[in-house]
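Presented below is the structure to which this report refers.
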């Protein structure tokens with residue numbers, strides 16, 4: 001019963017994250033939505049593994065965590081250098 005409720009809540013969180021990922025107004029919103037979606041997926045996999053008393057999915061959790069962290073880091077570096085600092089650099093040189 002508890003596992004079903006937890007999976008349902010993770011499903012709702014994942015759907016909300018996916019919705020924001022698809023219609024988010026900005027890139028930063030979409031990056032955060034991707035994090036929410038991946039965390040919801042990881043939580044659902046964890047609950048499923050705990051309900052089956054099985055540890056075979058734990059390597060999948062590690063892979064998803066590494067991919068999510070790397071994607072967030074790359075996207076944040078992209079946001080940092082997306083051209084907002086370019087006009088300030090040109091003004092400083094003239």
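No lab work stands behind these numbers, since they all come straight from the coordinates. The structure displayed is predicted, hence computed values, not measured ones. So basically every Cβ, Gly included, is an ideal-geometry build from the backbone, and we count neighbours across all protein chains shown.
Sort 38-45, 57-64 for me by packing, meaning the mean count of neighbouring Cβ atoms within 10 Å per residue, highest on top.
Values: 38-45: 18.0, 57-64: 12.5.
Taking the mean over residues of other Cβ atoms within 10 Å, the ranking is 38-45, 57-64.
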Spatial separation of Cα centroids for region 58-78 and region 1-43, in angstrom = 15
